[in-house]
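The block underneath contains the structure these notes are about, expressed in structure tokens.
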Amino acid sequence: MAVVEKASDILDGASKANSAILHTGFDAPPGSVELTCIQDGYREYREIYADMGLVLEETGAFVVGWSDEEVAKLEGILAKAHGNGVDDCSLISASELLRHEPSLADHAKAAITVPGECLIDPWSAPYAYLQQALDNGAEVFVSCTVTGGEFEAGEWRIATSRGSLRTRQVINCAGLYGDVVDEDVLGVTDFHITPRKGQFVVFDKAASSLLNAVILPVPTSRTKGVVLFRTVFGNLAVGPTAEDQDSRDDASSDKAAIEMLIAAGVDKLPGLANMPVTAVYAGLRPATQFQDYQISADAARNWITVGGIRSTGLSGALGIGQYVFKLYSQSGAKHPAIADPVVPRAKVLAQSGPRDWKSAGYGEIVCHCELVTAREINKALSGPLAARSLQGLKRQTRVTMGRCQGFFCSARLAEITTGHFDEPLSEGDDDE
Amino acid sequence: MMSNKIDVIIIGGGPSGLSAGVELKRAGVARVVVLEREPQAGGIPRHCGHPPFGMREFKWIYTGPQYARKLVKTAVEAGVEIRTLTSVVEALPGGKLLVTSDNGVEKISAQRVIYATGVRETPRSARIISGSRPLGVLNTGALQSMVYLKHRRPFKRPVIVGTELVSFSAIQTCRHMGIRPVAMIEQAARVTARWPVGLFPMLMRVPLHLNTRLVSIKGDKRVEAVEVENASRERRVIECDGVLLTGQFTPEATLARCGHLEIDAPSVGGSIRGSGGPVVDQYGRCSDPAYFAAGNLLRPVETAGWSWNEGRQVGRWVADDLAGDLAGDPLVTGENIHITIADPIIKFAMPQKISLPYKPERGMKHVQLRFTDSVKGTLVAEDGQGKVMWQCSLNTHRERRVLVPVAGLVSERSGGEIVFRVV
Ligand SMILES: Cc1cc2nc3c(=O)[nH]c(=O)nc-3n(C[C@H](O)[C@H](O)[C@H](O)COP(=O)(O)OP(=O)(O)OC[C@H]3O[C@@H](n4cnc5c(N)ncnc54)[C@H](O)[C@@H]3O)c2cc1C
Ligand SMILES: Cc1cc2nc3c(=O)[nH]c(=O)nc-3n(C[C@H](O)[C@H](O)[C@H](O)COP(=O)(O)OP(=O)(O)OC[C@H]3O[C@@H](n4cnc5c(N)ncnc54)[C@H](O)[C@@H]3O)c2cc1C
């Protein structure tokens, strides 16, 4: 088994930026594959997270109605949640909402509670999943782009930028390029990706004390609204926007959208008014013309497409794995389960967890804002998943992701990472 | 060793922290410990490879790194203990600190703690600049550390954004490493720093564009260009391989923000104002009287010499406090004077409180103000009833220091408010 990744570091596509909420599926399309995957994924995450040292913050969420138009929609949302089997949701009054969330603006009118929604670490979890595959015999090829392929006598010869790979079965999980890869290799695609950008603004850590649960919007005809959420790293974020675009790579941010998000945040959580902005980021959802994931098997050609994993793929990931394995097994493939699988421990980056700086022998703190140690950085720069870009190192350690954004640590970081990155942070006169 | 009783802990070993330490030792305080998270103490000057530093303190002109070493040597000789590679991660009520180092986590405490964590520049994110997020967008501090501490360069042809003093020292830093800035841009109609440094870019052959705003940053992996806009809203693209965001200093007040100390960040007419540092009284005493603050953390931004002097003074007042000689208690509201600003053109006024009874011989002599734009008019200080306590004519610019004598604000008063406005 091999994972082939175009970028120098994994999680460089749609997965590089999301809200990091483990969804219950309360508002997913009823009867969809997406709903099945979210709910199976949710269940499996809860089964494995403790053994793998992953984080789960059981914050719950409130879907808040801020206008009469929104309040009118709450009944429908509640019915949908119950229909989706999320039975613990209920309607509450504004005063009860404010009892749970005293910092929320008092123009909230009513809300639905979704106690099962949780916060997780959007990068450590997928890294741990892949690490487990590697520990149990898989391989990973990075900076390796799939460009085409031939299927002959029950075997694929996949052309990549690093040479050709022979395999019996292919699973296309190319995210924002899912349709492109289908087309390049199979010659056809059943869907077309229209990337939907989501911008976020992250506030100073001090802001996280303003909120307990996730504050979800009521989608209306006019607006989808934005989410207010804490992160397991101890920040508070507002976003995402939803902007359709053609580019599959351009996750740029723009001032007008960020200022709109800040204003929306302050409107709902007035305490944000005097909180500094720590970071601004954006992600691209692999949306298609359909209202569901696009997962299908071409059994005759040993090909499975996992496409259009649009806005719930972090929650759905483990469920998608189960779903795909079922499809794969239906084609007659059989594998004995691994007798005693290795269970790796995930990186601990959540603020509440046993972070590396809490135990002796770490050398020095390199990134002061996020308290990232030299020991953590050196570890992330080695092994089969070694960070080969600043982006990758950020996702593995959180360096430069805090309030100073590299003011204090860039120089030390440039020194430590010399020779490790394809795009170096700096050059010296003695460099090659 | 750390289990012995510590009298005063100083967080941060920059000019202000080290001079506070020296002063405390000279005043006879037994055990004074500086906690510094970097491998060397000395603070920002460690990576300011240019002169002039040290005139006020040592009557000599040093480069930043020489000056930093001199400060450390002076402190060590005075008996100040300096623990480097030691980060304070949490400040708790009553002078208790959570600290981490290679030894792991420990809780330490002292009778008094002086916060001297300095300032940094505002990063790209908090300036809310449109565009992609490629490599090569840095603040001056990061550039200086790369150039002077590591001898590396992050880019070769950057655009410099801003015209504060630090922006001009950035040109020197660039030159030192063979970096050739392609332009220096300033949103305002005039250079922020005082003349004659404004002539400096011309002398260094860096084109200076006033009335020019950075619109967006372009580039995939690394910076490829910036888009700028002039006063007539015409846009153009400048090719470059980096963006140096200079100045817009902000106190490194993390511990206070995430802890229990009151921060000066009031909303004035819908805009956030204030120093961004902890609220202090004229002794640099914070809202928890076990904590004091000194140096640029108090307010953005002054020189090393100014910060050094402030450290020395706050050190002395802390020594007085330990001896039981410091009057008043900033926690007692109503009986102290609260200084506020009522006009968003005023950026901040520091100190934000005057503890009473007022002792003219002790404490800061002036309230320091800064403005967000060029301003002409009369600066007025009123009491809570609108009675004018003090006024002066005002003709100043962004980031220029304006000093108002504390003595003029406190005459025959027993508390209440002082409100600053411009009329
Ligand atoms: C703004 C936003 C908010 C979100 N919030 C949440 C949330 O709160 N909860 C949640 O569960 N989900 C959320 N999501 C959704 C989630 O992030 C995505 O569904 C998920 O990341 C999709 O993962 P993927 O593996 O399908 O795609 P990707 O992460 O894009 O992975 C595809 C990979 O394939 C690689 N690739 C592409 N082409 C090739 C090729 N030719 N050869 C080799 N490799 C190739 C890419 O480089 C990429 O790494 C959010 C998404 C966004 C954008
Ligand atoms: C980029 C830049 C360039 C400048 N250039 C000049 C110049 O050329 N000339 C000039 O006069 N002034 C300059 N200044 C102003 C500078 O702030 C002062 O010179 C002076 O350094 C202020 O001294 P300080 O002691 O207040 O703070 P700093 O010198 O900033 O010292 C603060 C110290 O606290 C430490 N610290 C912070 N948080 C913690 C923590 N949690 N735990 C432990 N230690 C901590 C830091 O590592 C640092 O060593 C510059 C400032 C900046 C940001």
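Spin-label pair A:Val180-B:Arg362: with each label point 7 Å from Cα along the Cα-Cβ axis, the two points sit 7.0 nm from one another. On association of chains B and A, roughly 4100 Å² of accessible area becomes buried (total for both chains; probe 1.4 Å). If R0 is taken as 45 Å, the Cβ-Cβ distance between A:Ala300 and A:Ser359 corresponds to a FRET efficiency of 0.25. In the elastic network of chain B, a GNM with C-alpha springs shorter than 10 Å, the most mobile of B:Ile128, B:Ile238, B:Ile179 is B:Ile128.
Rounded, prolate or oblate: which one fits region A:150-206, using the alpha carbon gyration tensor with axes a ≥ b ≥ c (rounded when a/c is under 1.5, else prolate when a/b beats b/c, else oblate)? Judged from the Cα gyration tensor, region A:150-206 comes out prolate (a/c at least 1.5, a/b above b/c). If you take the Cα centroid of region B:23-51 and the Cα centroid of region B:358-408, the two points sit 31 Å apart. In the protein assembly as shown, taking the dipole from charged Cβ atoms about the Cα centre, the farthest positive-side position among A:Gln405, A:Ala125, B:Gly17 is held by B:Gly17. Label-to-label distance for B:Lys73 and B:Ala231 is 5.0 nm, based on points extended 7 Å past Cα in the beta-carbon direction. In degrees from 0 to 90, rounded to the nearest 10, what is the angle of the helix B:15-26 Cα long axis to the longest principal axis of chain B? Once rounded, one gets 20 degrees. For chain B, the longest principal axis of the C-alpha atoms and the axis of helix B:304-322 are separated by about 20°. Considering only B:Val80, B:Val105, B:Val410, the mean-square fluctuation computed in a Gaussian network model of chain B, springs between alpha carbons under 10 angstrom, is largest for B:Val105. Largest accessible area first, the listed residues A:Trp357, B:Trp306, A:Trp303 line up as B:Trp306, A:Trp357, A:Trp303 when surface is computed with a 1.4 Å probe on the assembled protein chains. Placing unit charges on the Cβ atoms of the charged side chains and taking the dipole of the protein assembly as shown about its Cα centre, the candidate lying farthest along the positive direction among B:Gly259, A:Ser90, B:Asn395 is B:Asn395.
Placing a label point 7 Å from the Cα of A:His335 along the Cα-to-Cβ line, the residues of region A:135-179 whose backbone N sits under 15 Å from it are A:135-140, A:167-173. Cα centroids of region A:171-229 and region A:256-299: how far apart, whole angstrom? Comparing the Cα centres of region A:171-229 and region A:256-299, I get a distance of 7 Å.
With r as the distance between the Cβ atoms of A:Thr418 and B:Asn395 and R0 = 45 Å, compute the FRET efficiency 1/(1 + (r/R0)^6) and round to 0.05. Don't skip to the end; give the middle numbers.
Details: r = 51 Å, r/R0 = 1.13.
Calculated transfer efficiency: 0.35.
In chain B, the longest principal axis of the Cα atoms and the axis of helix B:165-176 are about 60 degrees apart. Based on the Cβ-Cβ distance from B:Trp195 to B:Ala407, what FRET efficiency comes out when R0 is 45 Å, to the nearest 0.05? Step by step, r from the Cβ atoms, then E = 0.90. Heavy-atom accessible surface of B:Met204, to the nearest 10 Å², is about 40 Å², with a 1.4 Å probe and all protein chains retained. The simple spin-label model puts a point 7 Å past each Cα toward its Cβ; for A:Arg166 and A:Ala273 those points are separated by 7.0 nm. Only one residue of A:Ala207, A:Ser247, A:Ser296 has its Cα farthest out toward the positive end of the dipole of chain A, where Lys and Arg carry +1 and Asp and Glu -1 on Cβ, and that residue is A:Ala207. Each distinct pair of alpha carbons in region B:332-423 adds a 1/r term; the inverse of their mean, the Kirkwood radius, is 13.3 Å.
Hey, in the GNM for chain B with a 10 angstrom Cα cutoff, which one of B:Thr173, B:Thr340, B:Thr378 fluctuates hardest? The residue that fluctuates most here is B:Thr378. Would you please give the residues with an amide H less than 5 Å from that of B:Ile82, counting only those at least 5 places away or on a separate chain, with H modeled from the backbone geometry? Counting only residues 5 or more places away or on other chains, the set is B:Val34. Computed about the Cα centre, the dipole magnitude for region B:123-247 is approximately 280 debye when only Lys and Arg (+1) and Asp and Glu (-1) carry charge, each at its Cβ. Across q = 0.09, 0.10 Å⁻¹, the protein assembly as shown modelled as identical point scatterers on its alpha-carbon atoms has Debye log10 I(q)/I(0) values of -0.97, -1.17, in the order of the q list. At a threshold of 50 Å², the residues of region A:390-432 that become less accessible to a 1.4 Å probe in the full protein assembly than in their chain on its own are A:Arg403, A:Phe407, A:Phe408, A:Ala411, A:Glu423, A:Glu427, A:Asp429.
Solvent-accessible surface (1.4 Å probe) assigned to A:Leu314 amounts to roughly 40 Å². 3J(HN,Hα) along region A:6-14: 5, 7, 6, 9, 5, 6, 9, x, 4 Hz, from the Karplus curve 6.51 cos²θ - 1.76 cosθ + 1.60 with θ = phi - 60°, whole Hz, x for Gly and Pro. Simple point charges give the picture: +1 on the Cβ of Lys and Arg, -1 on the Cβ of Asp and Glu, and for region A:2-139 a dipole about the Cα centre of about 200 debye. For the protein assembly as shown, the dipole from Cβ point charges (+1 on Lys and Arg, -1 on Asp and Glu) about the Cα centre works out to 2960 debye, to the nearest 20. Across region A:131-145, coupling constants 3J(HN,Hα) worked out from phi with the 6.51/-1.76/1.60 Karplus curve, θ = phi - 60°, read 4, 5, 4, 5, 4, 9, x, 7, 10, 10, 10, 9, 6, 9, 9 Hz, and Gly and Pro carry x. Carbon-plus-sulfur accessible fraction, the protein assembly as shown (probe radius 1.4 Å, protein heavy atoms only): 51%. In this structure, the pairs whose alpha-carbon distance is over 23 Å, taken from A:Lys358/B:Lys107; A:Lys73/A:Lys268; A:Lys205/B:Lys150; A:Lys205/A:Lys379; A:Lys197/A:Lys394; A:Lys6/A:Lys197, are A:Lys205/B:Lys150; A:Lys205/A:Lys379.
Look at where the Cα atoms of region A:356-432 and of region B:148-204 average out, and the two centres are 27 Å apart. Rounded to two decimals, the Cα radius of gyration of chain A over 2.2 N^0.38 Å is 1.00.
Contact order normalised by length for chain B, with contacts defined as Cα pairs under 8 Å and 6 or more residues apart; what percent is it? Once divided by the residue count of chain B, the mean separation gives 15 percent.
Given a 1.4 Å probe and the protein chains as shown, A:Ser410 ends up with an accessible area of around 20 Å². Can you list the residues in region A:256-286 whose accessible area drops by at least 20 Å² when all protein chains are present, compared with the chain alone? Use a 1.4 Å probe, heavy atoms only. Buried-area filter returns A:Ala273, A:Asn274, A:Pro276, A:Val277, A:Val280.
Report, in deg cm²/dmol and to the nearest 500, the calculated mean residue ellipticity at 222 nm for the protein assembly as shown, where each DSSP H run with n ≥ 4 adds -39500 (n - 2.57) and the sum is divided by the residue count. Walk me through the intermediate numbers first.
Numbers: 20 runs with 202 residues, N = 855.
Calculated at 222 nm, the ellipticity per residue is -7000 deg cm²/dmol.
Shape call for chain B from the C-alpha gyration tensor, a ≥ b ≥ c root eigenvalues: rounded (a/c under 1.5), prolate (a/b greater than b/c) or oblate? Since a/c reaches 1.5 but b/c is at least a/b, the shape of chain B is classed as oblate.
Once a ≥ b ≥ c are taken as the square roots of the eigenvalues of the Cα gyration tensor of region A:356-416, is the result rounded (a/c under 1.5), prolate (a/b larger than b/c) or oblate (a/b not larger than b/c)? Oblate, because a/c is 1.5 or more while a/b does not exceed b/c. Step through the residues of region A:325-331 one at a time and calculate ³J(HN,Hα) from phi using the Karplus curve (6.51 cos²θ - 1.76 cosθ + 1.60, θ = phi - 60°), rounding each to whole Hz and writing x for Gly and Pro. Here the 3J(HN,Hα) series is 4, 5, 4, 5, 5, 4, 7 Hz.
What residues of region A:71-88 lie in the reach of a label at A:Asn212, counting those whose backbone N is under 19 Å from a point 7 Å from the Cα along Cα→Cβ? Counting backbone N atoms under 19 Å from the label point, the list is A:88.
The values are calculated or read from the model by the stated rules, or taken from the named source; none is laboratory data. Keep in mind it's a predicted model, so treat the numbers as computed, not measured. Here Cβ is always computed from backbone atoms with ideal geometry, including for glycine, and neighbour counts include all displayed protein chains. All accessible areas refer to the heavy atoms of the entire protein, side chains included, with ligands and DNA or RNA removed. Shrake-Rupley method; radii C 1.70, N 1.55, O 1.52, S 1.80 Å.
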